[in-house]
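No lab work stands behind these numbers, since they all come straight from the coordinates. Remember, it's a predicted structure, so these values are computed and weren't measured experimentally. Glycine gets a Cβ as well: all are built from the backbone with ideal geometry, and neighbour counts include every protein chain shown.
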Amino acid sequence: MLTRRIIPCLDIHNKVVTKGVRFQNNVELGDPVEMAARYYEDGCDELVFYDITASAERRPIDIEMVREVAKAVRIPFAVGGGISNLQDMERVLLAGAEKVSVNSLAVRNPAIIAEGSKAFGAQCIVLGMDPLAVEDRTRCPSGYEITVRGFRERTGMDALEWAKRAVDLGVGEIVVNSVDADGTRSGFELALTGLIADNVSVPVVASGGAGCSQHLVDVFTLAHADAAIIAGMIHTGDTTIPAIKADLVAAGIPIRRHW
Amino acid sequence: MIAIIDYRAGNLTSVKLAFDTIGREARITSDPACILEAERVIFPGVGAAGAAMRHLQALDLADTLREVVRRGTPFLGICLGTQIILEHSEEDGGVDTLGLLPGRVVRFAPANRYDKVPHMGWNRVHARVPHPLFEGIADETEFYFVHSYYPVPTTDDCTLATTGYAGVTFASALGRGSIVATQFHPEKSGKAGLRLLENFCRWQPAGEEPTC
């Protein structure tokens, strides 16, 4: 049976892992390569790195960091932030990343999904999306609107329509990061996650709001997520990946047990 | 030296890094002479079968691979490499492949919307027969998979291990004589994957009875 993946997310700011709430109030947590190695030893199933300031500062991603992570862990990892074209994607993949994640770039230029998928394979291209719950359903029938640039800008695009279009363009996986739940540690946005997971043919990764093991149980059983991103709950040492996995096994969730 | 065959079918960085991790000298190459000199050969690959076969023909490597197998050099196929050592793939409208092992490759056809294609993530691998490739690896250990098509060997005798997904139990590891092949990615499968690669590096197929 295919197991549900647990994916620690490392937000990188000036070569340091940071954690904030809704991209604000960032606190420095540690060295990305050391943290990646520790989570790998602890049995995480995959890792994701976002260079959260690369796009805003209009600079390419820190490729040396990608190389160092690739040497340190023998599991798949995705890299996002600071990807502006096919050459950037190729550099990240050749440095040893399994996947590249595009978000604002894909909104500006949806063709990049098809180009990346054709050049490197759909399994390499992840769409990150930051949907915000909205009242007005005339513009966004699903009730969720896509935001970009670290939630700062609303696009008027409907989240479910964008997800389906991205799959048609060739994306291999979708990370659904709830703007409303991000950093709150009060649980994933289950309605949003389920809406996307139940209506696209590719794996969906839930993101934003993980605070305890029960939140993961809920997002896997009630919202049908294929994988879940966690950050603050392990970065702060409140819990550990082995402890989360033990809770998920007890709840009957299929989890990778050998690492 | 271990030759990792480069036939423009995907990124080989993580394959090379995995051998670096276990301290085995491996070289990424598409040079037939280098491949024939190698003590062991890794045939990896991600992407589509049609393009992979065209690249193999363009690089004139199909006969080199047949010669590697004829000589009994230990040979490890990974993912797309595993699929195209069978005889036929239904990908890209149907492609005749290398035929180093009897069998074909078919697409997952999930009966429900929760079984996503590609099959992506960690799934359990159940040993059908004991094989040195899996020595020291607990049965039902999870390995990392990314694929939309799966191998169907003609006879069960070539199946070393199986995995269940989308309503089928498919051959996730295959082997015969000096050939072993995995549908999963040992190079991305943590310590179990490294152990499998280490097992492959120590394997002496000449001492093995052919499994089919």
Note down the nm distance, to one decimal, between modelled labels 7 Å out along Cα→Cβ at B:D115 and at A:L94.
3.9 nm
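Would you mind computing the Rg to Rh ratio of segment B:56-160 from its alpha-carbon coordinates, Kirkwood style for Rh?
0.98
Within chain B, what percent of beta bridges assigned by DSSP are antiparallel, to the nearest 5? Don't jump to the answer; show the numbers that get you there.
Values: 26 of 42 bridges.
Bridges in chain B are about 60 percent antiparallel.
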At 0.890 mPa s and 25 °C, Stokes diffusion of segment A:102-252 via Kirkwood alpha-carbon radius, µm² per second
156 µm²/s
Before rounding to the nearest 500, sum -39500 (n - 2.57) across all DSSP H runs of length at least 4 in chain B and divide by the residue total; then give [θ] at 222 nm in deg cm²/dmol.
-7000 deg cm²/dmol
In square nanometres and to one decimal, what's the mean projected area of the convex hull around the Cα atoms of chain A?
12.3 nm²
D_trans [Stokes-Einstein, Kirkwood Rh over alpha-carbon pairs] for the protein assembly as shown, 10 °C, 1.306 mPa s, µm² s⁻¹:
71 µm²/s
In nm, what is the difference between 0.36 nm times the number of residues separating B:C34 and B:Q204 and their Cα-Cα distance?
59.2 nm
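Please work out how many pairs of lysine residues in chain A are eight or more positions apart (or on different chains) and have Cα atoms closer than 19 angstrom. Could you put the intermediate results ahead of the total?
Values: A:K15/A:K71; A:K71/A:K99; A:K99/A:K118; A:K118/A:K164.
Taking chain A as the scope, the lysine pair count is 4.
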What percentage of all Cα-Cα pairs in chain B are separated by more than 31 Å?
10 percent
What helix-only [θ] at 222 nm does chain A give? Using -39500 (n - 2.57) per DSSP H run of at least 4, over all residues, to the nearest 500, the answer is -9000 deg cm²/dmol
Hey, quick one: spin label on A:R257, modelled 7 Å out along Cα-Cβ, who in segment B:147-186 has an amide N within reach, i.e. under 13 Å?
none
Treating every alpha carbon of segment A:135-217 as one equal point scatterer without solvent, the Debye formula yields log10 I(q)/I(0) values at q = 0.11, 0.13, 0.20 Å⁻¹ of -0.29, -0.41, -0.95
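With r defined as the distance between the Cβ atoms of B:R8 and A:R154 and R0 fixed at 41 Å, what FRET efficiency is calculated, to the nearest 0.05?
Values: r = 42 Å, r/R0 = 1.02.
Plugging the Cβ-Cβ distance into 1/(1 + (r/R0)^6) gives 0.45.
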So, with points 7 Å from each Cα along the Cβ direction, the A:N199-A:E41 label distance in nm works out to 4.4 nm
